[in-house]
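One structure is given below, encoded as structure tokens.
The values are calculated or read from the model by the stated rules, or taken from the named source; none is laboratory data. Since the structure is predicted, the reported quantities are computational estimates derived from the model, not experimental observations. Here the Cβ is made from the backbone with ideal geometry for all residues, glycine too, and neighbour counts use every protein chain on show.
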Amino acid sequence: MELPCFSFQTDFTGAAITWKFNGNEINANTPNGSPRVKQGGRYLFISPVTAANEGDYSCLIKDNDREMITTYKVRVDASFNYSIKVIKGSTAHLPCHFQPAGVVKANALWFKERGLDNELLNPEGDSTADNNRVELLYPLDHDQTIIIRDVGMEDAGTYLCQSLRGQS
């Protein structure tokens with residue numbers, strides 16, 4: 001990801017440029033893997049982008065009695081997709097992990113895609129119709145993995161794990 005300090009032609013040539021991340025100055029000599037200042041501060045380069053890069057970035061240009069500030073609020077969607085193959089009759093483990101920041105106050109909602117609709121799975125409630133085949137392994141934990149016992153062809157498909165706030 002590349003963030004420009006200014007998106008138009010400017011007469012701030014030779015001005016001091018300072019980049020900040022969440023209020024802390026970004027040093028021009030940061031190691032690889034961290035945000036790096038490029039082209040004399042005109043750009044901030046971030047690669048690879050991870051959840052740790054989410055936050056507020058600002059670029060300050062100062063020249064004599066003038067200054068200009070450009071700000072960015074960066075949001076990172078750190079979702080993962082898995083392709084899992086299991087043998088008929090075995091147990092499938094479907095992984096889902098909440099971000100480690102914060103306390104888990106509610107379990108994930110699990111869905112199975114059914115055309116245009118999603119079927120809500122209920123791994124911890126009344127599962128009598130499914131003979132308790134679906135189980136949440138670690139309730140109220142950052143690891144929201146479920147298992148499906150005795151899988152069959154009817155279990156093939158796409159599953160979605162979602163927090164109560166709607167994060168997948």
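Observations, loosely collected:
- Qualifying positions in the stretch 63-99 - in a strand (DSSP E or B) and free of Cβ contacts under 8 Å to residues at least 12 places away in the same chain: GLU67, ILE69
- Residues in the stretch 66-117 that are under 25 Å from the mean Cα position of the chain (by Cα), surrounded by 10 or more Cβ atoms within 10 Å (Cβ to Cβ), closer than 30 Å to GLY41 by Cα and modelled with pLDDT of 90 or more: THR70, THR71, TYR72, VAL74.
- Only residues that are over 22 Å from ALA15 (Cα atoms), surrounded by 14 or more Cβ atoms within 10 Å (Cβ to Cβ) and not hydrophobic (A, V, I, L, M, F, W, C) were counted in the stretch 41-64, giving 3.
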